[in-house]
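The values are calculated or read from the model by the stated rules, or taken from the named source; none is laboratory data. Note that the coordinates shown come from a computational prediction; the quantities given were computed from them, not determined experimentally. Note: ideal-geometry Cβ built from the backbone for every residue, glycine included; neighbour counts use all protein chains shown. The accessibility values were calculated without ligands, DNA or RNA, using every heavy atom of the protein model including side chains. Shrake-Rupley method; radii C 1.70, N 1.55, O 1.52, S 1.80 Å.
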Amino acid sequence: MKKIIFILAASILATVSYSADHIVVQKDKTFHPNYIKAKVGDRIIFKNDDGFAHNAFSDSESDEFDIGMQKPGQDVVVVMKNPGKVEVECAIHPNMHLTIDVQK
Amino acid sequence: MKYFSRFGTILTGGVVAAILTTSAVAKEDMNKWLRPENVPAPKDNQITPERITLGKFLYFDTRLSRDNTVSCATCHNPELGWSDGQPKAIGIEGRQGPRNSPTIINTAYQRHQFWDGRAKSLEEQALGPIQADVEMDMDLDELVKRLNGIKGYKELFEKAYPGEGITKDTIAKAIATFERTVVSTEAPFDRYIKGDENAISENAKKGFALFTGKGKCNNCHDGFNFTDGSFHNLGLGDSDIGRYKLKKRASWFHAFKTPTLRDVTKTAPYFHDGSIKTLEEATAVCGNGGRFPNSKNLSPLIEDRGLTQEEIRLIVDFLATLEGEPMKLEIPTKFPQ
Ligand SMILES: [Cu+2]
């Protein structure tokens, strides 16, 4: 038991000092939340909570990515690599917007 | 935020989920099907009567095309649901364009213009067809010169955009302003949503229930304008790659913008290639799996929902209730000289 607690504590400490997770829910063709403050190394977890496919991409200079077709119920993880403002859009529903403010 | 632990964010996620559940009631709000009173316009091009007057003249004036034969209204004709009744647009000298002329009804409410969404504003859109060789084939510098030689236009531009003169920019702004006045009028469906149970037939009501139920048509044809502005590949099997031409993003392959369904009874033929003549056929293609179900990047929303002929007819009955009274409009017969 002691050992397990130790491992748990160690793993929590590790995550605390190195990276955090930010959950973004795609629901009703909207990103929730639509603004996030993050740090380099943080993970953004996109959760598709709608009954149809979504996408998330960024053409921003600091971080370009495209998660492709994201099915209903599917989670996709994107790690923030560089500091900067990352503007995220859904390629299918261009009215969906999310800003990620990534700091060092 | 610096030491936001994994647990901390998961908790936040829980809060988000809770908020989402409470807002589920608002989703049922029927008012989302009614057109907002105000038309959005950019800060630097607010709608004024002078700008509408000028924009309307420009919109209907064939002198905006190289050989003075074609105006914006040629392909976006108010008599033909602000489209042209042709499978594909026809410009000067009978030149055929690559796509169907989309209606401009309620286009003011759309974030992206053109079938592939390549323009991000109506101002940006307005200058496209004027220059396109298969449409009006007019050089913009030449057009500025031509309009500057017309005294009547010089006065109208001065009234609409004081001190700005006749430029590419003010031409685009004026046409965009007129387009912002082309909005759907009250249709039987709107009266029904407002509470008049007799405004539409029982069949149309069943059709609306199928539209939002079994047919899942409102996955894309959502809100008062019956479009969420999304881009999809319907698997029509033609060679037009659509939005993919802008950037090679996988989900944009062969994808086109979801069109409005307001006044859709007036805008046949349908789809970006104008290949579909009736609403029954269009409903079957969208609702029962596309024309070529094995198309690359076929939208996952295009699946066989097993709509029967009878159900398709009911949906079309509903679509007919989206046709409003013709918009009150005086088409100019005399132009600035
Ligand atoms: Cu989406």
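How do the helices (runs of 4 or more DSSP H) wholly within region B:168-252 filter down when requiring 1 or more residues that are more than 14 Å from chain A (Cβ to nearest Cβ) and among the small types (Gly, Ala, Ser): which remain?
Those helices (runs of 4 or more DSSP H) span B:168-179, B:202-212.
Please list, ordered by first then second residue, the pairs with beta carbon atoms under 8 Å, 6 or more apart or interchain, first in region A:38-58 and farther than 11 Å from residue A:26 by Cβ, second open to solvent by less than 10 Å² (accessible area, probe 1.4 Å) and near the ligand (Cβ under 8 Å from one of its atoms).
These pairs meet every condition: A:57/A:90; A:57/A:91.
Let me confirm something: among A:10, A:53, A:38, which residue is away from the ligand (no atom under 12 Å from the Cβ) and at pLDDT below 95?
So the residue among A:10, A:53, A:38 that is away from the ligand (no atom under 12 Å from the Cβ) and at pLDDT below 95 is A:10.
Which of the residues belonging to region B:204-221 are of a type outside the set (S, T, N, Q) and either without any contact (Cβ under 8 Å) to a residue 60 or more places away in the chain or open to solvent by less than 10 Å² (accessible area, probe 1.4 Å) (or both)? Show your work before the answer.
First pass over region B:204-221, keeping only residues of a type outside the set (S, T, N, Q): B:204-211, B:213-217, B:220-221.
Passing the criteria: B:204, B:207, B:209, B:211, B:213, B:215, B:221.
Could you tell me whether residue A:97 is under 29 Å from residue B:298 (Cβ atoms), open to solvent by less than 10 Å² (accessible area, probe 1.4 Å) and within 12 Å of the ligand (Cβ to nearest atom)? Lay out the reasoning, then the answer.
Working: under 29 Å from residue B:298 (Cβ atoms): yes; open to solvent by less than 10 Å² (accessible area, probe 1.4 Å): no; within 12 Å of the ligand (Cβ to nearest atom): yes.
Taking the combined requirement at face value, the residue does not satisfy it.
How about region A:75-93: which of its residues are open to solvent by 20 Å² or more (accessible area, probe 1.4 Å) and within 12 Å of the ligand (Cβ to nearest atom)?
Of the residues in region A:75-93, the ones open to solvent by 20 Å² or more (accessible area, probe 1.4 Å) are A:75-77, A:79, A:81-85, A:87, A:89.
Answer for region A:75-93, where residues must be open to solvent by 20 Å² or more (accessible area, probe 1.4 Å) and within 12 Å of the ligand (Cβ to nearest atom): just A:89.
State which residue is surrounded by the most Cβ atoms within 10 Å (Cβ to Cβ) when the search covers only region A:41-50 and only residues that are within 16 Å of the ligand (Cβ to nearest atom) and more than 11 Å from chain B (Cβ to nearest Cβ).
A:46
Going through region B:287-329 one residue at a time, which ones are part of a loop (DSSP other than H, G, I, E, B) and among the β-branched types (Val, Ile, Thr)?
Matches in region B:287-329: B:302, B:308, B:321.
Quick one: in region B:79-116, which of the residues that are among the polar types (S, T, N, Q), under 14 Å from the mean Cα position of the chain (by Cα) and in a loop (DSSP other than H, G, I, E, B) is nearest to the other protein chains (Cβ to nearest Cβ)?
To start, the set of residues in region B:79-116 that are among the polar types (S, T, N, Q) comprises B:83, B:86, B:96, B:100-101, B:103, B:106-107, B:110, B:113.
Next, only the ones that are under 14 Å from the mean Cα position of the chain (by Cα) stay: B:83, B:100-101, B:103, B:106-107, B:110, B:113.
Filter once more, so that each one left must be in a loop (DSSP other than H, G, I, E, B): B:100-101, B:103, B:106, B:110.
Values: B:100: 21, B:101: 22, B:103: 20, B:106: 15, B:110: 10 Å.
Step by step, filter region B:79-116, then rank; the result is B:110.
Filter region A:20-34 for residues that are surrounded by fewer than 19 Cβ atoms within 10 Å (Cβ to Cβ) and of a type in the set (S, T, N, Q); which is farthest from the ligand (Cβ to nearest atom)?
Among those residues, the one meeting the criterion is A:34.
Can you name every residue in region A:56-74 that is more than 16 Å from the ligand (Cβ to nearest atom) and either open to solvent by less than 50 Å² (accessible area, probe 1.4 Å) or hydroxyl-bearing (Ser, Thr, Tyr) (or both)?
Residues satisfying the conditions are A:60, A:62, A:63.
Which pairs do you get when a residue that is open to solvent by less than 20 Å² (accessible area, probe 1.4 Å), found in region B:152-173, comes within reach of a residue that is part of a loop (DSSP other than H, G, I, E, B), reach meaning Cβ atoms under 6 angstrom, with the pair 6+ apart or on two chains?
Pairs found: B:152/B:336; B:152/B:337; B:153/B:336; B:157/B:166; B:170/B:161; B:170/B:164.
Output the number of residues of region B:208-244 satisfying the condition of being out of contact with any Lys or Arg (no Cβ under 8 Å at 6 or more places or on another chain), of a type outside the set (D, E, K, R) and away from the ligand (no atom under 16 Å from the Cβ).
11
Being without any contact (Cβ under 8 Å) to a residue 40 or more places away in the chain, closer than 27 Å to residue A:94 by Cα and open to solvent by less than 50 Å² (accessible area, probe 1.4 Å) narrows it down to one residue among B:117, B:97, B:81; which is it?
B:97
Could you list all residues from region B:155-173 that are more than 31 Å from the chain's Cα centre (by Cα) and under 15 Å from residue B:53 (Cβ atoms)?
B:155
Please identify the pairs in which a residue from region B:189-203 that is outside the structural domain of residue B:264 (by TED's automatic domain parsing) has its Cβ atom under 6 Å from the Cβ atom of a residue that is of a type in the set (Phe, Trp, Tyr) and open to solvent by 100 Å² or more (accessible area, probe 1.4 Å), counting only partners at least 6 apart or on another chain.
Qualifying pairs under 6 Å: none.
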